[in-house]
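> So that we are looking at the same thing, I have put the structure below in structure tokens.
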Amino acid sequence: MRRPILTVFYQFDPWSNSLGGIQTIIRSFVKYAPDTFEIRLVGTQVEERIQPGQWQERELAGRKIQFMPLFTQPKENRKSLIPDSVRYTAGLLRQCLASDFMHFHRLEPTLATRNWVGDKTLFIHNDIQQQVQSSDRKGSILWQYLPAAYFAIERQVVSQFTEILSCNTASATFYKQRYPACADRVRYLRNTVDDDVFFPLSPGEREHARQEFARSQKLDSKTRFVLFAGRLHPQKDPLLLVRAIAALDDPTTHLLIAGEGDLADAIRSEIAQLELDDRVTLLGALPQSEMAKLQRLVSVFVLSSAYEGLPVTVLEALASGTPVVTTRCGETPNLLDRQSGVVCDDRTAAGLAAAIQQVLASPPDFPSQACVDCAEPYRARTVVKSICDGMMQRWNQQQPPA
């Protein structure tokens with residue numbers, strides 16, 4: 001029997017330092033999917049390595065896959081006149097890339113696939129209702145200006161999916177209520193964390209790593225680090241976190257910002273205006289291995305977002321034994337307990353500063369093992385296996401009897 005083909009569709013270059021939980025989830029899926037599947041990935045490329053629209057065998061996460069870029073985009077995580085999602089969808093309109101299984105991580109490309117035959121899964125990575133209907137449109141996504149158009153498109157394409165998997169319980173409930181005919185295909189799915197990469201150090205090793213990193217940054221060896229990791233985008237609201245560090249007014253606390261995006265210049269201006277040059281460091285986009293090192297040595301990871309699904313960076317922090325401070329958004333507040341983090345209901349600089357200080361002031365109240373235990377159900381190998389087991393069950397049911 002031939003191996004079933006799984007094709008993953010998303011607008012990124014898997015070999016770049018592309019930021020975002022979706023990219024990380026796709027890489028983990030490729031790594032942990034059983035060899036019973038032949039995997040293909042339709043993405044983009046940062047450099048012109050392959051002729052767009054052509055397949056090439058590449059290695060990703062230690063596994064050979066077939067890769068096709070639809071176009072070249074030198075700068076990821078930056079806005080352009082024509083949104084990448086539009087360019088990507090247009091590229092699919094000129095192709096027929098149907099396969100046995102197809103995974104989609106954005107809605108727009110599925111406009112091109114309605115007539116493709118195969119088992120299709122849509123992954124929902126945000127609280128869609130909150131994201132599209134948010135009244136704060138500063139730097140917003142296009143669909144926040146046209147929510148009726150978004151839901152009109154959604155109604156046209158939603159029936160094609162065998163499964164609709166959401167990492168956010170509110171979003172899963174929303175889909176079940178909005179599309180009752182598809183309700184039995186919608187379910188909550190945990191996001192994933194690769195515990196081969198993100199794992200805790202012993203207390204002594206963690207302290208040594210923190211001191212070594214402080215010295216490498218020419219900072220006092222007693223410096224405690226707060227970490228932000230993600231796109232520099234209004235959704236993530238890193239500016240709020242910068243202002244919280246100013247409100248914290250603690251020279252021994254240093255903010256590390258790992259990421260790139262449209263707000264980079266605004267963040268630099270805010271740092272200068274608040275005179276925080278010696279208390280905030282912009283690290284840019286980092287490879288996963290470097291992010292894992294940071295997650296193991298910082299004192300707290302902070303999520304300052306306006307809306308979310310369940311950020312992979314939160315799971316990476318917890319798996320590394322690092323407590324999390326979060327605004328009340330997405331699934332993270334439902335995940336944390338009193339020993340693994342703090343939920344900040346006052347979404348202001350002062351409120352976020354107070355929540356960060358709560359963790360910094362009493363590390364024994366947030367033990368490493370409690371954080372690791374929170375992340376345990378989200379281990380990538382476990383979650384990916386459950387998805388693939390369901391796919392193989394459907395595949396076997398479709399095969400003619402021997």
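The values are calculated or read from the model by the stated rules, or taken from the named source; none is laboratory data. Not measured: the values here are computed from a predicted model. Note that we place each Cβ from the backbone using ideal geometry, even for glycine, and neighbour counts take in every protein chain shown.
> Of the numbered conditions (1) buried (at least 20 other Cβ atoms within 10 Å of the Cβ); (2) part of a helix (DSSP H, G or I), Pro234 satisfies every one except a single condition; which is it?
Failed condition: (2).
> Filtering region 130-169 down to residues that are hydrophobic (A, V, I, L, M, F, W, C) and farther than 18 Å from His105 by Cα, which residue is modelled with the highest pLDDT?
Ranking the qualifying residues of region 130-169, first place goes to Ala152.
> Is it the case, given these coordinates, that Gly390 is under 20 Å from Ile25 (Cα atoms), in contact (Cβ under 8 Å) with a residue 24 or more places away in the chain and in a loop (DSSP other than H, G, I, E, B)? Even if it seems obvious, please write down each step before you answer.
Details: under 20 Å from Ile25 (Cα atoms): yes; in contact (Cβ under 8 Å) with a residue 24 or more places away in the chain: yes; in a loop (DSSP other than H, G, I, E, B): no.
Judged against the criteria, Gly390 is not a match.
> Go through region 66-92 and give me each residue that's modelled with pLDDT of 80 or more and of a type in the set (Lys, Arg).
Selection gives Arg87 alone.
> Okay, next question. Mind listing whichever residues of region 361-387 are in a helix (DSSP H, G or I) and of a type in the set (Gly, Ala, Ser)?
Ala361, Ser368, Ala370, Ala375, Ala380, Ser386
> Looking at (1) out of contact with any helix residue (DSSP H, G or I) (no Cβ under 9 Å at 6 or more places or on another chain); (2) touching a residue at least 40 places away in the same chain (Cβ under 8 Å); (3) closer than 23 Å to Thr162 by Cβ, which one does Ala380 not meet, given that it meets all the others?
(1)
> Moving on to the next point. Residue check: is Ser18 buried (at least 21 other Cβ atoms within 10 Å of the Cβ), in contact (Cβ under 8 Å) with a residue 40 or more places away in the chain and part of a helix (DSSP H, G or I)?
So Ser18 does not fit the description; no.
> Further, regarding this structure: Taking region 188-205 on its own, how many of its residues are out of contact with any helix residue (DSSP H, G or I) (no Cβ under 6 Å at 6 or more places or on another chain), at pLDDT 95 or above and not hydroxyl-bearing (Ser, Thr, Tyr)?
Here the count works out to 5.
> Considering Phe225, Phe213, which residue is touching a strand residue (DSSP E or B) at 6+ places or on another chain (Cβ under 7 Å), within 29 Å of Arg27 (Cβ to Cβ) and assigned by TED's automatic domain parsing to the domain that holds Gln295?
Within the list Phe225, Phe213, the selection yields Phe225.
> For the condition modelled with pLDDT under 95 and under 22 Å from the mean Cα position of the chain (by Cα), what is the one hit in Gln23, Gln51?
Result: Gln23 is the single residue among Gln23, Gln51 that is modelled with pLDDT under 95 and under 22 Å from the mean Cα position of the chain (by Cα).
> What are the residue pairs meeting all of these: first residue in region 314-340, first residue at positive phi and modelled with pLDDT of 95 or more, second residue buried (at least 24 other Cβ atoms within 10 Å of the Cβ) and of a type in the set (A, V, I, L, M, F, W, C), Cβ atoms under 7 Å, and 6 or more apart or on different chains?
Here the result reads Gly321/Cys371, each pair linking region 314-340 to a residue that is buried (at least 24 other Cβ atoms within 10 Å of the Cβ) and of a type in the set (A, V, I, L, M, F, W, C).
> May I pose another question? Does Gln23 satisfy the criteria of being touching a strand residue (DSSP E or B) at 6+ places or on another chain (Cβ under 7 Å) and free of Cβ contacts under 8 Å to residues at least 24 places away in the same chain?
Here the answer is no, as Gln23 does not meet what is asked.
> Could you please let me know if Ile50 is farther than 28 Å from Val383 by Cα and in contact with a strand residue (DSSP E or B) (Cβ under 6 Å, 6 or more places away or on another chain)? Quick ask: steps written out before the conclusion?
Numbers: farther than 28 Å from Val383 by Cα: yes; in contact with a strand residue (DSSP E or B) (Cβ under 6 Å, 6 or more places away or on another chain): yes.
Yes, satisfied.
> For region 91-110, which residues satisfy the criterion of being over 25 Å from the mean Cα position of the chain (by Cα) and either of a type in the set (Ser, Thr, Tyr) or assigned to a loop (DSSP other than H, G, I, E, B) (or both)?
Listed by number, the residues that qualify are Arg94, Gln95, Cys96, Leu97, Ala98, Ser99, Asp100.
> Kindly provide the set of residues from region 306-326 that are touching a strand residue (DSSP E or B) at 6+ places or on another chain (Cβ under 8 Å), of a type outside the set (Val, Ile, Thr) and surrounded by 24 or more Cβ atoms within 10 Å (Cβ to Cβ), ordered by number. Steps first, answer last, please.
First, pick out the residues of region 306-326 that are touching a strand residue (DSSP E or B) at 6+ places or on another chain (Cβ under 8 Å): 306, 309, 311-319, 322-326.
Subsequent filtering for residues that are of a type outside the set (Val, Ile, Thr) retains 306, 309, 311, 315-319, 323.
Answer for region 306-326, where residues must be touching a strand residue (DSSP E or B) at 6+ places or on another chain (Cβ under 8 Å), of a type outside the set (Val, Ile, Thr) and surrounded by 24 or more Cβ atoms within 10 Å (Cβ to Cβ): Gly309, Pro311, Leu315, Glu316, Ala317, Leu318, Ala319, Pro323.
> If Lys218 passes every condition in (1) among the basic types (Lys, Arg); (2) under 23 Å from the mean Cα position of the chain (by Cα); (3) at pLDDT 95 or above; (4) surrounded by fewer than 20 Cβ atoms within 10 Å (Cβ to Cβ) but one, which one does it miss?
(2) is the only condition that Lys218 fails.
> Look through Glu316, Glu275 and report the one residue that is among the charged types (D, E, K, R) and more than 19 Å from Ala380 (Cβ to Cβ).
Glu275
> I'd like the residue in region 153-178 that is of a type in the set (Ser, Thr, Tyr) and more than 15 Å from Thr121 (Cα to Cα) and, out of all such residues, is surrounded by the most Cβ atoms within 10 Å (Cβ to Cβ).
Here the residue is Ser171.
> Quick check: anything in region 42-56 touching a residue at least 40 places away in the same chain (Cβ under 8 Å), over 21 Å from Pro109 (Cβ atoms), surrounded by fewer than 22 Cβ atoms within 10 Å (Cβ to Cβ) and not acidic (Asp, Glu)?
Within region 42-56, not a single residue is touching a residue at least 40 places away in the same chain (Cβ under 8 Å), over 21 Å from Pro109 (Cβ atoms), surrounded by fewer than 22 Cβ atoms within 10 Å (Cβ to Cβ) and not acidic (Asp, Glu).
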